Amino acid sequence: MSLLLTFQNSEDRDKFEYIYTNYKNLMLHKAYGILRDTMLAEDAVSEACIRIYKNLYKIEDPTANKTIAFV
């Protein structure tokens, strides 16, 4: 993912990698359940990842329930 190259520090990169790795399948499942189309679901998850990246400063703990709700 090319977004990983634009992080200011390794802490933010690690946080984003954790969120992406651990929640990607959940996001795909939810998006597919709503959209009923694999390609649209993948696009929606990509857009969501960009929004997460832009709002990463709002996430303190990537393992918190608050983070799962945000995702």
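No value in this document is a laboratory result; all are computed from the given coordinates. On a predicted model such as this, the values are computed, not experimentally measured, just so you know. Using ideal geometry, Cβ is built from the backbone for each residue, glycine included, and neighbour counts are taken over all protein chains shown.
Name the residue, out of 57, 20, 32, whose mean-square fluctuation peaks in a Gaussian network model built on the chain with Cα pairs under 10 Å.
Per the Cα network of the chain with a 10 Å cutoff, 57 tops the list.
Between the DSSP loop rule and a limit of at most 16 other Cβ atoms within 10 Å, which GluC sites (Glu not before Pro) in the chain are left?
Details: sites: 11, 17, 42, 47, 60; in loops: 60.
Sparse-neighbourhood loop GluC sites (Glu not before Pro): 60.
Give me the three principal axis extents of the chain from the C-alpha atoms, as integers in angstrom, largest value leading.
37, 27, 16
If I take R0 = 30 Å and measure r between the Cβ atoms of residue 47 and residue 22 in this structure, what FRET efficiency does the formula 1/(1 + (r/R0)^6) give, to the nearest 0.05? Before the final figure, lay out each step's value.
Numbers: r = 19 Å, r/R0 = 0.62.
With a Förster radius of 30 Å, E is 0.95.
Can you tell me the 0 to 90 degree angle between the C-alpha axis of helix 38-54 and the longest principal axis of the chain, rounded to 10?
Roughly 20 degrees between the two axes.
Could you give the nm distance between label points at residue 64 and residue 29, where each point is 7 Å from its Cα heading toward the beta carbon?
Spacing of the two 7 Å Cα→Cβ label points: 2.4 nm.
Counting alpha carbon pairs within less than 8 Å and at least 6 residues apart, what relative contact order, in whole percent, applies to the chain?
Here the relative contact order equals 32 percent.
Round to the nearest 10 and give me the degree value, 0 to 90, for the angle of helix 10-35's Cα axis relative to the longest principal axis of the chain.
Rounded to the nearest ten degrees, it is 10.
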